[in-house]
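Values in this text are rule-based calculations from the coordinates and carry no lab data. The model shown is predicted, which means the values in this text are computed figures rather than measured ones. Cβ atoms come from the backbone with ideal geometry, glycine included; neighbour counts cover every protein chain shown.
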Amino acid sequence: MRILIIRFSSIGDIVLTTPVMRCLNNQIPGAEIHFLTKKAFVPILNNNPYISKVWEWDDNEASKILTELKKLKFDFIADLHHNLRSLRVKRALGRPGASFNKLNIEKFLLVNFKINRLPDIHIVDRYLETVASLGVKNDNKGLDYFIHPEDEFNIKNLPESHQEGYIALVPGALHPTKKLPPEKISELCAAISFPVLVLGGKAEENIGNTLEEKFPHVINYCGKLNLGGSASLIRQASAVITHDTGLMHIAAAFRKPIISIWGNTVPQFGMYPYLPEHNSLSVIHEVKNLKCRPCSKIGYAECPKKHFNCMNQQDIPQIAQDALLAATKLPLSES
């Protein structure tokens, strides 16, 4: 059976689709799995052994790509993005399939009226619902992330102070209202009595440099590694402190202890760390009972209410304590 999976973005969302590829490959004899995504996200999938071919989508080359895809006469299309672009692909190919339910109405009700009608189900399980008609079931083996050998980071290249263990700190997020303010991140580093590595992209380079200059136990790798290199350091970390980001889901793929910090979005959207049978490895920190939260299903450039209580009221000492407990293999607290 030849199957096309569509998911154009983002890092986290594509990592969250990996159980679909694995289950299809392992449960359907002779499955040939193709994945269509944007060029920026191809490296996430290139080393995945469950995929036969990764296709790069380019809006400027759409007709050419669709012509090539149409030749393959897919038996099934799993649309895990469900937007206008994926609708165009499905209409052009004219093959049977199913689309991911984005639950936009339910999210709208929660964001705008604080009425929670979202099902208590992780987005991974909702992704898997798109292929349920093929007889595919969740194998409960969690997420996958496959690092190219050239991207593996040799832990011996770290200072000796960090070679025996470190906490990976991910200070970034796609939207400012999903991340702690710089002063809170600095307060967090001050409260952690354990080696820390700061990970992220160029956007986090300045805060990473500031933290490294201020704290002797902090080393900054923001903007210095590609995604595979950062993933390698996540894999070798003792614990991970992160906002709702792609690196959070990569940490879940490696079954790392995760201390996740939530601001304007909420875990009820179904994108909390996916750790089936390993729930003890995760603790979620959020300021509960705020009437304004969630204020968005994605995020804003700044707090609409100007107080930013969802992050400013975070219990920084408790986050630091949970990170230390996780890094030293002690039970995490309940937050």
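Points worth noting:
- Three-way shape label, region 1-153, alpha-carbon gyration tensor, a/c 1.5: rounded
- Region 169-246 has equivalent-ellipsoid semi-axes of 17, 15, 12 Å, by the square roots of 5 times the alpha carbon gyration tensor eigenvalues, sorted largest first.
- Centre separation in Å (Cα based) which lies between region 280-331 and region 72-107: 34
- Applying a DSSP loop filter and a limit of 11 other Cβ atoms within 10 Å to the chymotrypsin sites (Phe, Trp or Tyr not before Pro) in region 126-210 leaves nothing.
- Derived scalar couplings ³J(HN,Hα) [region 173-185; Karplus, 6.51 cos²θ - 1.76 cosθ + 1.60; whole Hz; x for Gly, Pro]: 6, 5, 10, x, 6, 9, 9, 4, x, x, 5, 6, 5
- Three-way shape label, region 65-188, alpha-carbon gyration tensor, a/c 1.5: oblate
- When the Gaussian network model of the chain links Cα atoms closer than 10 Å, the mean-square fluctuations of Glu213, Glu205, Glu32 top out at Glu213.
- Computed [θ] at 222 nm, helices only, for the chain once each DSSP H run of length n ≥ 4 contributes -39500 (n - 2.57): -9000 deg cm²/dmol
- Across the options Ile316, Asn154, Ala251, the greatest Cα extent toward the positive end of the charge dipole of the chain (unit charges at beta carbon of Lys, Arg, Asp, Glu) belongs to Ala251.
- Peptides 9-20, 247-258 ordered by average Cβ neighbours within 10 Å, highest first: 247-258, 9-20
- For region 260-270, 3J(HN,Hα) computed residue by residue from phi via the Karplus equation (6.51, -1.76, 1.60; θ = phi - 60°) reads 9, 10, 10, x, 6, 9, 10, x, 4, 5, x Hz, glycine and proline entered as x.
- Label-point separation in nm, Asn138 to Asp125, each point 7 Å along Cα→Cβ: 0.4
- Couplings 3J(HN,Hα) for region 190-205, derived from phi with the Karplus relation 6.51 cos²θ - 1.76 cosθ + 1.60 (θ = phi - 60°), are 5, 8, 9, 9, 7, x, 10, 10, 9, 10, x, x, 4, 5, 9, 4 Hz, where x marks Gly and Pro.
- In the calculated pair-distance distribution of the chain, the portion above 37 angstrom amounts to 19 percent of the Cα-Cα pairs.
- With K and R counted +1 and D and E -1, the other residues having a Cβ less than 14 Å from that of Phe308 yield a net charge of +3.
- Region 210-335 - charge dipole about Cα centre, Lys and Arg +1 at Cβ, Asp and Glu -1, debye rounded to 20: 200
- Cα gyration tensor shape of region 63-119, rounded if a/c is under 1.5, else prolate or oblate by comparing a/b with b/c: prolate
- Along each principal axis, taking the top coordinate minus the bottom one, the Cα set of region 264-335 gives 39, 27, 21 Å in descending order.
- Sorting 223-233, 306-316 by average packing, meaning the other beta carbons within 10 Å per residue, from highest down gives 223-233, 306-316.
- Less than 5 angstrom separates the built amide H of Trp55 from those of Phe35, Leu36, Thr37, all sequence-distant by 5 or more or on a different chain.
- Volume per residue of the convex hull around the Cα atoms, evaluated for region 152-327, comes out as 108 Å³.
- Mean separation of Cα contacts under 8 Å, 6 or more apart, over the residue count of region 55-134: relative contact order %: 27
- Too-long pairs where the Cα-Cα distance tops 21 Å, listed order kept, from Lys70/Lys90; Lys39/Lys90; Lys114/Lys306; Lys184/Lys305; Lys114/Lys297; Lys137/Lys178: Lys137/Lys178
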